[in-house]
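Some notes on the structure that comes next.
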2 protein chains.
Amino acid sequence: MVERLDLTFAALADPTRRAMLASLALGERSVGELAAPHAMSFAGAAKHVGVLERAGLVERRKAGRQQLCRLKAERLREADEWLRQWERFWLSTLDRLEAIIVEDQAKLK
Amino acid sequence: MVERLDLTFAALADPTRRAMLASLALGERSVGELAAPHAMSFAGAAKHVGVLERAGLVERRKAGRQQLCRLKAERLREADEWLRQWERFWLSTLDRLEAIIVEDQAKLK
DNA sequence: ACAATATAAAACCATATGGTTGAACGACTC
DNA sequence: GAGTCGTTCAACCATATGGTTTTATATTGT
């Protein structure tokens with residue numbers, strides 16, 4: 001499970017891959033469809049799909065010459081479960097006050 | 001915000017750093033205290049603390065010759081918020097059924 | 001003043017990551 | 001059967017990451 005979290009968080013630490021997941025939230029997508037919106041070579045994008053698959057966030061099935069990908073939420077749930085350990089911290093009044101201050105400072109820039 | 005999620009998830013993708021956060025959940029810790037439990041050089045562990053700090057998950061303050069670290073939950077909350085976009089997927093009956101099957105198969109090994 | 005402590009900083013190494021190009025391959029179309 | 005489409009694979013490159021050791025710098029205790 002520890003290594004699973006490693007893979008999951010590492011897979012999520014890239015905007016291209018997060019965008020692909022967002023696309024998969026709307027339904028199955030072929031590798032080509034997942035790759036298209038991204039400004040990089042097809043092979044590069046396909047590697048990202050591979051990372052998502054190896055992390056268990058995506059499942060592939062052959063459909064003719066296409067390869068259809070489907071979201072697998074289970075690992076996302078595990079990651080979320082881990083994160084919620086700290087819920088009490090971000091819910092604490094002190095932390096919320098601090099967050100507000102940080103936001104205000106950001107707006108001033 | 002996109003780059004923030006990059007940093008947050010990347011910081012979480014390492015068991016040493018997750019363990020450090022768990023330690024910080026119990027209260028402030030010096031860099032040395034954070035480093036001690038891990039089977040690596042002090043400098044190596046201190047680098048991990050640096051990663052956590054740069055990701056905004058940890059705050060440092062000087063206290064004599066020590067450097068006390070405190071958990072900052074705000075970025076964890078942001079990561080959690082992002083993950084919960086997919087909550088409906090892992091709550092869906094189909095996905096839950098699949099999860100149960102996967103677990104059963106794991107138990108058979 | 002001196003030694004010990006806590007940490008930072010620099011240089012280095014091996015491996016991983018994110019990207020590229022080009023070749024190969026199976027599956028459809030004609 | 002030939003070409004095209006969707007995809008994989010291999011080789012390569014630059015940079016990032018996770019670790020090491022050594023050196024340096026405050027701070028504290030004696």
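Overview of results
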quantity: Amide H contacts under 5 Å for B:SER30, placed H, 5+ residues apart; calculated: B:CYS69
quantity: Label 7 Å beyond Cα on the Cβ vector: B:PRO15 copy-to-copy distances, nm; calculated: 3.2
quantity: Per-residue mean of C-beta atoms belonging to partner chains within 10 Å, peptide B:5-16; calculated: 5
quantity: Histogram of C-alpha separations across segment B:1-74, 5 Å bin width, %; calculated: 3, 18, 30, 26, 15, 6, 2, 0
quantity: Axis proximity, chain B to A: residue whose C-beta lies nearest, plus whole-Å distance; calculated: B:PHE9, 2
quantity: Ascending count of other beta-carbon atoms within 10 Å, so fewest first, for A:PHE89, A:PHE9, B:PHE42; calculated: B:PHE42, A:PHE89, A:PHE9
quantity: Average partner coverage of A:81-88, which counts Cβ from other chains inside 10 Å; calculated: 6
quantity: Derived scalar couplings ³J(HN,Hα) [segment B:8-18; Karplus, 6.51 cos²θ - 1.76 cosθ + 1.60; whole Hz; x for Gly, Pro]; calculated: 4, 5, 4, 5, 7, 7, 9, x, 4, 5, 5
quantity: Under Karplus coefficients 6.51, -1.76 and 1.60, residue-wise ³J(HN,Hα) of segment A:80-88 in Hz, glycine/proline x; calculated: 5, 4, 4, 4, 5, 3, 9, 3, 4
quantity: 7 Å along Cα→Cβ, label-point gaps from A:MET1 to other copies, nm, shortest first; calculated: 3.1
quantity: Integer Hz, Karplus 6.51/-1.76/1.60 couplings in order for segment A:66-74, x for Gly and Pro; calculated: 8, 10, 8, 10, 10, 5, 10, 7, 3
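Just so you know, all these numbers are worked out from the coordinates, no wet-lab data involved. The model shown is predicted, which means the values in this text are computed figures rather than measured ones. Note: ideal-geometry Cβ built from the backbone for every residue, glycine included; neighbour counts use all protein chains shown.
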